[in-house]
Amino acid sequence: MLHYLTCMMLTGLTSYPFVTVFIEQRKPSDYVACTAEAACCFIRYFETSDMPATTVLNVERSAVNITNPASSWSSWLPMYVSVENGHGIRAASPSLSFFNSIPLLYAYLPAVFSFQVAKVAALPSNEYATRGYCQEPASLDSIRDHLAGGPCKNISLACVLLWALLKVLHDWALLSGKVEERLTLKIGIASWILQAVACVGAFLWAVGASEVFISTSVERESEGLACYYQLQPANVLWTLAPACLLWYTTQSKLTSLMLSVLHGDYLYAIVYDVPFRVVHATAPLHPTGSLLTIGLHGDRYRAPAPRPQLNSDEKRQLFYLLRKLRWTWIFVQHTIVATLASGPLFCMMMAVATTQEWSFQVMGVMKCAILLAAFSPLGLCLRFTYSASYWRNRVIQGDFCAILSDLSPLRDLFWYLLLWPCGIFSTLRVVPAFWRHSREEVLRECWTWSFHGIAVFVFLALLLDYVNRPVRLLIGYYDYGWWVSKDALQLLEQYPEWKHPTIPRPKAFDVDDNDEASPSAEEFLNHVDSVVTLQRYARGYLVRLRMWRDAIQTEQRLWAAVEIQRCWRGYMGRLRWEMEYERLWSRETAVKAFWRRKVEAATTIQRIWRGHRLRCQRYEQERHRQLVKIQSMSRTFLVRCRRFHLLARVMLVQRHWRKWLRYIPEAERARRRGRSLQRKAATIIQKSVRESQSQREGVASSELLEA
């Protein structure tokens, strides 16, 4: 019972640090406001409840100043954004070049899946958020911590707990001795799957720590009072540490699982203290490696450990499963971790490292580590050289079985051909930033740092995969009855701990030379004639066999000579035919080339003329458009002038009318109004009298004419 409790306690102690990091609550003092001295640069592929994704469309809606604008980019592609409280928001798009092509493909791969669920929304405005306002306790207390919840944290925490539970279950099953190794190995594979999922979730959760945190509300956002914050560098590194540790342990655990399939399962919670003489005798060339061997050879006359319980078919099935899981793990690293996490995290660490001084303190050591990581893509040239030489030697030797058993050199060769120039170019741009760099250049260098971070992660992933390559090759050659190549023999010579133990000779076949009275010696002396007869027949058989082999060899040499002569005559005949065919073909090619040049010349002339005519038409159209625009602007100017004068006259009339109303009393206005009415009435009476007089005069004149 004590052994079971020991395994459970050790597993819990090793899993507790991961759980502690995930459940830790952040305090207001852990945040730093985004100011002009410490601008916050980040990129966001997926939106949350308080912050939209930094896509081109959302950035344009936020009235952001874009560095290196590219109008031809799709609206759903993300951009790096720089935030300074009280100074607005800036954004930068990447520069397109051959050296950025592969990292840019990595960086924009998640956008293919995120644009389907992306929402159009502007970034919260911080135009009027001052430093003092963002440092107030009320603003700090209202910071929205997106690390406290979310699917990445919940999935990672659940996977860590299930991973610890399956490790305890595996060790208990192995300690009981009643469970077959086939079942315990499957439990171990299931725990490794949960560990890999927790690793991916931890990386995505750490990316959230490198982004910004916002303190806002609907009213404050409408007034431009949203405050942006970022975590302290130490807190970001604290959230990144579990992801890196899980990544390394996941890779090493996969290697241990492969060896445990071959040599037997082992306890996950226990670390054994083994004498060095045993380790050195078992693995003299690799004393610091794993002791998952077929048996421990340290003491003389010590019997090796029992052979593994699994047969060849069960090992082959588990190996196929592990190989599929390995390819899935590589695919997940390149499509999720490298695309979503490596670039933003390395960009954040570069932004912190370039502002630190060289020292032996924590941040100074971190700066040295980031510098070494920045140089790591240069190691791609060594890995590229190895992969190229391996592939070339196998093709020359015709060792296609070895090629098909492990295609990783060909895959590495393909990726190195693409990533090698990109890594060298980004290294030449990133490394000088450690000695000469200013805070104003952070946004401009974000994409370069992000691309270099992708190259660093891919190099480290391929390096870890290359370190475990001997184990994969051993699984392909060992204990399955498959064809064993020179690589397998070299591996077994390099790793003697992976060989099967030599089977000791039974005691029944040992004969003591000093024991003359043994029954075997007496029996031998009684059958000397029979032994001589057996030797004669054996020598005759061996001589005839040697003569037959010599005859076969002579016949094969004769056949080989005839075959060589036939091949040589065929080669000379084909050479003469090829020379004649080459002569006729060159004539025909010369005639075709002559006519092709004439056609190309005519086509070029036509193309140049059409281009000239089209440019002239385009020029005339542009001049006409400019004239129309000038006329439109002139008419607009004239209309505005007329409107201005009209409004001026109206205002003048209104001013005089109001002045008249203000300076003339009401009685005087009534008197003048009455006088005006009397004048109008008199005018009407006079008009009526004149009309009546004119009518009477007209009637009188008409009567006079009639008379």
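Quick notes on this one:
- Spatial separation of Cα centroids for the range 225-266 and the range 633-648, in angstrom: 71 Å
- For the range 75-107 versus the range 312-371, the gap between their alpha-carbon centres in whole angstrom: 22 Å
- Between H87 and S688, the modelled label-to-label distance comes to 8.6 nm, taking each label 7 Å out from Cα in the direction of the beta carbon.
- Gyration tensor (alpha-carbon) shape descriptor, the range 87-206, a/c threshold 1.5: oblate
- Partners of K598 within straight-line reach, counting lysines whose Cα lies under 16 Å from its Cα and excluding those fewer than 8 residues away in the same chain: none found.
- Rounded to the nearest 0.05, the FRET efficiency derived from the C-beta distance between S312 and N154 at R0 = 30 Å is 0.10.
- Per-residue Cβ neighbour rank within 10 angstrom, fewest leading, F637, F22: F637, F22
- Candidates per trypsin sites (Lys or Arg not before Pro) in the range 116-177, loop by DSSP, up to 14 other Cβ within 10 Å: K119
- Inter-label distance for T14 and V591, nm, one decimal - labels placed 7 Å from Cα along Cα-to-Cβ: 8.0 nm
- The range 1-49: C-alpha gyration tensor shape, a/c 1.5 cut-off, then a/b vs b/c: prolate
- Separation of alpha-carbon centers, the range 601-628 and the range 140-216, rounded to whole Å: 65 Å
- Footprinting exposure proxy for K178, K598, K253 (fewest neighbouring C-beta atoms within 10 Å first): K178, K598, K253
- Computed from backbone phi with θ = phi - 60° and the Karplus coefficients 6.51, -1.76 and 1.60, the 3J(HN,Hα) list for the range 451-459 is 4, 5, x, 5, 5, 5, 5, 5, 5 Hz; x is used for glycine and proline.
- Projected label distance in nm at E622 and Q535, using a 7 Å step from Cα toward the beta-carbon: 10.8 nm
- For the listed residue pairs K119/K367; K153/K178; K167/K367; K153/K315; K178/K315, the alpha carbons are over 28 angstrom apart in K119/K367; K153/K178; K167/K367; K153/K315.
- Principal axes of the range 580-663: Cα extent on each, largest first, Å: 120, 17, 5
- Residues M547, M348, M51, sorted so that the one with the fewest Cβ neighbours within 10 Å comes first: M547, M51, M348
Read the figures in this text as sums done on the coordinates, not as results from a lab. Just so it is clear, the model here is predicted, and its values are computed rather than measured. Neighbour counts run over all protein chains shown; Cβ positions are idealised from the backbone, glycine included.
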